[in-house]
Amino acid sequence: MFPKLHILLKFRFLVSASNRHLTQSNSVLRITACATYWTICPNQVESPNEEAIEHPRVSIDIFNQWGCCENDLLKIFSRQPSLRNAQATPLLSKLNLLSSLGLTGSDIVKMVNCRPRFFCSRINNCFDERIEFLVNLFGSREMLRKALVRNPSPLTYDFHNAMKPVIALYEEIGIRGNDLIAMLISRPTLIPRTSFNEEKMEYIKKTGVSKGSKMYKYIVSLIGISRIETIREKVTNLEKFGCSEEEIWSLLGRYPLILTLILKLSVDKVQRNMTFVLGTMKLSPRVVLEHPFSCCSATSKPYRNRGYRWLGN
């Protein structure tokens, strides 16, 4: 019996020792794992900070290489703060394309000031084909450069589905050459907002302006970029005060910019001004037709005083 007991005790001793060894091993593994974890974490935390510090420096250096001074950078980053963190490769690619057109650092500042999100758009799609088309349209690369400084958006529009169809449409209506160039420069939203239908073409005819008139390009472009609903609403608002539809369209044919002012103002604003001119000053609607800006001027105290003096005379 004792020999068997001795063997049993020896076996328990071996099992106990083995368990202690495994426990110590697990402890070592846990300590090692913890040590490894804390060794890696600082590096993982520092990497994003390092990238955040490097990106602004990279974009600043790139703009400096293109001739932008500190004042230029302040203007660029104030208009489009995201350019501080711009990635080097896309930014360099866009600047290289712009440089091929003769655009300088000062030109880029003006372009960003005009269109802050310009550098957020892709300009490499159909770039060569687009430039060839625009050079033919503007007559020379220098004229194109000047136009892009004032409005760089033609480099971002959908070339085949937006730009070319709209240009062809205006040329078909009778606006081409220098007149079309003038409208493209003065109305940056001409291409994305233009739409024509039978009703708009009828509006153009109602103005009585011929294709040879200097006013024709203003009438066509203004009606082209305006919504049908907006035009109807404004014309109806003027009709409420005794102006016939024929008189209104004749007025717009003589003073096309008045439609711009009317479209920018709210219905309530035009209605208040018309009420003051016709109700308070007791003038006829013909006065508005002869002096169209009276329905768009401010009805502030100085304006009212001038109106009363005019009425007194």
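Listed values, structure above:
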| read-out | value |
| --- | --- |
| Simple label model, 7 Å out from Cα along Cβ direction - Glu172 to Asn64, nm | 5.3 nm |
| Inter-label distance for Glu199 and Asn71, nm, one decimal - labels placed 7 Å from Cα along Cα-to-Cβ | 5.1 nm |
| Environment charge of Arg117, counting only residues whose C-beta is closer than 14 Å and scoring Lys/Arg +1, Asp/Glu -1 | +4 |
| Gained length - Glu233 relative to Ser106, 0.36 nm times residue gap less alpha-carbon distance | 41.4 nm |
| Net charge, Met183 excluded, C-beta distance under 13 Å - Lys, Arg +1, Asp, Glu -1 | +4 |
| Kirkwood Rh in Å, taken over all unlike Cα pairs in the stretch 64-139 | 13.2 Å |
| Out-of-range pairs (alpha-carbon distance over 27 Å; input Lys94/Lys200; Lys110/Lys211; Lys205/Lys234; Lys205/Lys240; Lys211/Lys282; Lys146/Lys217) | Lys94/Lys200; Lys110/Lys211; Lys211/Lys282 |
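Rule-based calculations on the coordinates, nothing more; no lab input. Because the structure is a prediction, the values reported are computed rather than measured. Every residue, glycine as well, gets a Cβ built from its backbone with ideal geometry; the counts of neighbours run over all protein chains shown.
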